[in-house]
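Here's the structure we're looking at; comments come further down.
Here, each number is a calculation from the coordinates, and none is a lab measurement. Because the structure is a prediction, the values reported are computed rather than measured. Here the Cβ positions follow ideal geometry from the backbone for every residue, glycine too, while neighbour counts run over all protein chains shown.
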Amino acid sequence: MKLSTLPLLCLLVTSASAGSLFQQLAGNQVSIAAGAQIPGENPLQHCEDDTSEDALTIERVNLLPNPPVPGQPLTIEAVGTLKEAVNPGAIVYVTVKYGLITLVKQELDLCDHVDEVDLKCPIEKGKLVLAKVVDIPKQIPPGKYTVKAEAVLEDDSRLTCLVGTVLFSL
């Protein structure tokens, strides 16, 4: 499963591949809190209720199907507005947890990953409409997965922070 960042969401829903998801066991425990729900058909929330200073305003995100199903493609559609341009040096901090176990804890250069959603750095301010289809591997072990992606611009101001939880069953 690609969980990378739509520039944040696709980068959130698409930032660690299934291989790295299960190969990068990290011993650090991270608490993942959640705030306001992201509009649309998705399990995503802002990390905090107050997002007024975020450089990215997310209007809606749709995941089809919601929740994602192992072995089936996942379509991600997102609409948002950037109040500031995203330039080289922007960073995404991604944490993936399986239950209470931290599987992935990475710091990613956002500009190295925006090509996954057909964008290039710098990303100019203004409206963004993104669509991406990712394949969800059949082999995902059942359980509760929580993903947190916090993105900051090159000046360390916050782009956005998202958290999402998906329960995969047998």
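Size of the stretch 109-170: Rg and Dmax of its alpha carbons, in Å, are 15.0, 44.
If R₀ is 22 angstrom, what is the calculated FRET efficiency for the pair residue 50 and residue 81, using the beta carbon separation as r and rounding to 0.05? E between residue 50 and residue 81, to the nearest 0.05, is 0.80. Past 22 Å, Cα to Cα: identify those pairs from 105/144; 105/127; 83/144, in the order given. Listed pairs above 22 Å: 105/127; 83/144. Taking 19 Å as the straight-line reach from the Cα of residue 97, the aspartates and glutamates in range (excluding those fewer than 8 positions away in the same chain) are 48, 107, 150.
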